[in-house]
Amino acid sequence: MLTILIVEDDPMVSSINKQYLTRIIKPENLTVYQADTAQKALAITKKISPDLILLDVYLPKTSGTELLEQFIKHNLHPNVIMLSAAKDSSNINIALKYGILDYLLKPFSFKRFKEAIEHFLKYNELLQKDNVVSQGELDRIFITQDINNSNNDNGLPKGLSDFSLTKIETAISKLAGEFSNQDVARQSKLSRITTKKYLDYLEKTGKLSAKVHYLKIGRPIKIYKLNK
């Protein structure tokens, strides 16, 4: 039995999220709790230790990201997926540092919601194992799909998200002139494996141009430039 807590101050949105969940997980295997404030969410989390929390950022009095900080303060570490219209880097950085499983920008499609929940279910199943897990099992959790796969509802290739793309484009805008994958990874605070996939996508769509730079020592590197 899975317990999932929806933290959302809009009753209609909370109800829709609950309906989405019951389309993915059989109702007999699911218990859903709902809270419209961070204070209620904290009290419920202390009492039942939910398997997953679907958390909005914009809540009355105490925000969702402030709630994440309260979880840490109270030595609580629930799995969290953020569902929010918040696009500012400060809230996103706090969420990433906490270690959220996913971040969905409102309005999101049911397909994108389903992908996030299914990713959690795989992650949760892996953690429930008593035996040692394999590298292949870990790869299925942590490595995204190739960008040449079929497109998502948002028009991006499968395995790419609007959230990460926006974060990387913001990082690129802060880099003057030419830059490398390492520069983007450092600026965006994402892994080089992740940023490389997005840079390949931006190059493929014509937003970036690239050339190979040969070093005196070591392997050549790819240098990118933003097209006007």
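The values are calculated or read from the model by the stated rules, or taken from the named source; none is laboratory data. All of these numbers come straight from a predicted model, not from anything done at the bench. Every residue, glycine among them, receives a Cβ derived from its backbone with ideal geometry; neighbour counts consider all protein chains shown. Remember, those area values only see protein heavy atoms, side chains included, never the ligands or the DNA or RNA. Shrake-Rupley method; radii C 1.70, N 1.55, O 1.52, S 1.80 Å.
For this structure, a couple of remarks:
- Pair list, Cβ under 9 Å, 6 or more apart: region 155-181 residue of a type in the set (D, E, K, R), other residue assigned to a loop (DSSP other than H, G, I, E, B) and open to solvent by less than 20 Å² (accessible area, probe 1.4 Å): Asp162/Leu156
- Restricting region 47-96 to residues that are touching a residue at least 40 places away in the same chain (Cβ under 8 Å) and of a type in the set (Val, Ile, Thr) leaves a set whose member that is surrounded by the most Cβ atoms within 10 Å (Cβ to Cβ) is Ile53.
- The residues in region 104-140 that are over 21 Å from Ala86 (Cβ atoms), at pLDDT 90 or above and not hydrophobic (A, V, I, L, M, F, W, C) can be counted, and the count is 3.
- Any pair with Cβ under 7 angstrom, 6 or more apart, that starts in region 1-16 at a residue that is over 13 Å from Val57 (Cα atoms) and ends at one that is open to solvent by 10 Å² or more (accessible area, probe 1.4 Å) and in a helix (DSSP H, G or I): Met1/Asn29; Leu2/Asn29; Thr3/Ile48; Leu5/Ile44
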